[in-house]
Amino acid sequence: MEELIRKITDLIRNSQKVIVFTGAGVSTESGIPDFRSPGGVWQKYNPEDFYYQKFISSEESREKYWQMSREFYEPLKNAQPNAAHQAVAELEKMGKLDCVITQNIDNLHQRAGSSPQKVIELHGTAVSVSCLACRKKYTREEIQSWLVRGVKVPQCDACGGILKPDTVSFGQSMPARETEEAFHRARNCDLFIVIGSSLVVQPAASVPLEAKEAGAKLVIINREPTYHDSHADVVIHGSAGEVMSKVLKNLKTS
Ligand code: APR
């Protein structure tokens, strides 16, 4: 492990434009469950129930969605950024970071100090809710107070339209600007570091390969093997917080 951490440290030291790409695994040490580890979200809930088409076409699906959303909002709201998020914010302070591309919706990179304009949220954010008809925006906190008060399926109080968190559901189109920018930046970086993603969901999982094909070095830090380990220059199977803390410590002490 130490040898691999030294390799990653050297790669960062010799890079000017580092991209960090994160998935749910970077937030599990903050108390937010990931999706595909044992006990993850998709073992508790059936992803089929959370397709966008179902959500907009049936009141019953919306009720099920909001029940899950209400349950997961508490750990999300109380979560604190962990050592991995803080290490990424440190890389920005060192002038090494081109951007963070995240599949996460928990806003923890921003709360750890990463500049919002340097965080590309491919799957949207859970901190706000929009009306799908008139686009009126609400804070997720406000909608949580409605749910706690007993509202089963929140509706827009301006036009009666369907409310949905600003996250990207299966079957919903990806945010075009963010997706475009992620691929563009991946093609122009010199080091691409994946932290805490199984790399199975497209098109996000293709971004690391785009960087590799354009000539960047690829590092994968993940507890389990990922779908793209064979394409990486360095792979570490370990904890995001522990590995990134050691990498930052090495960078600062030499
Ligand atoms: N340190 C390192 N890796 C970790 C840690 C940790 N503390 N905790 C979990 N992991 C790893 C797991 O081994 C797993 O391979 O993080 C990975 C998380 O993978 P997923 O649960 O599939 O999450 P992610 O890759 O972000 O999923 C992508 O799928 O359901 C959709 O929209 C959702 O954004 C999500 C997308």
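Each reported figure results from applying straightforward, stated rules to the coordinates on display, with no laboratory input. This one's a predicted model, so the numbers in the text were calculated from it and none came from an experiment. A quick note on method: Cβ atoms are made from the backbone with ideal geometry, for glycine too, and the neighbour counts reach across all protein chains shown.
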Problem - Relative contact order %, the chain, counting alpha carbon pairs below 8 Å whose residues are six or more apart - result: 25 percent
Problem - Cα→Cβ-extended label distance, 7 Å offset, between residue 36 and residue 136, nm - result: 3.9 nm
Problem - Tilt relative to the chain, helix 83-93 - C-alpha long axis, 0 to 90 degrees, to 10 - result: 70 degrees
Practice task
Considering only 190, 49, 34, give the residue with the highest GNM mean-square fluctuation for the chain, with springs between Cα atoms whenever their separation is below 10 Å.
Solution key: 49
Problem - Gaussian network model of the chain, Cα within-10 Å springs - most flexible of 56, 193, 220 - result: 56
Exercise for the section: Counting residues in the stretch 13-128 as N, plug N into 2.2 N^0.38 Å and put the Cα Rg over that result. Expected result: 1.19
Completion exercise
Note to self, the chain gives a 222 nm [θ] from helices alone (DSSP H runs n ≥ 4, -39500 (n - 2.57) apiece, / all residues, nearest 500) of -11000 deg cm²/dmol
Fill in the blank from the handout: In Å, the Kirkwood hydrodynamic radius from C-alpha pairs for the chain sits at 18.9 Å
Exercise for the section: Return the percentage of antiparallel bridges among DSSP beta bridges fully within the chain, rounded to the nearest 5 %. Expected result: 25 percent
Fill in the blank from the handout: In degrees rounded to 10, the 0-90 angle between helix 59-78 Cα long axis and the longest Cα principal axis of the chain is 50 degrees
Practice task
Rounded to whole Hz and in sequence order, give me ³J(HN,Hα) for the stretch 127-144 from the Karplus expression 6.51 cos²θ - 1.76 cosθ + 1.60, θ = phi - 60°, writing x for Gly and Pro.
Solution key: 8, 9, 10, 10, 7, 6, 9, 9, 6, 4, 9, 10, 7, 5, 4, 5, 5, 4
Completion exercise
Expected max-MSF residue from 95, 113, 215 in the GNM of the chain (alpha carbon, under 10 Å) is 95
Exercise for the section: State which entries of 212/246; 44/118; 77/246; 77/137 exceed 30 angstrom in Cα-Cα distance in the structure shown. Expected result: 44/118
Practice task
Work out the FRET efficiency for residue 230 and residue 71 from their Cβ-Cβ distance, taking R0 = 35 Å, and round it to the nearest 0.05.
Solution key: 0.40
Fill in the blank from the handout: Computed over the chain: longest principal axis from alpha-carbon atoms vs helix 176-187 long axis, angle to nearest 10 degrees, is 10 degrees
Completion exercise
Ordered by number, the trypsin sites (Lys or Arg not before Pro) in the stretch 145-198 that occupy a DSSP loop and have at most 14 other Cβ atoms within 10 Å are 149, 152
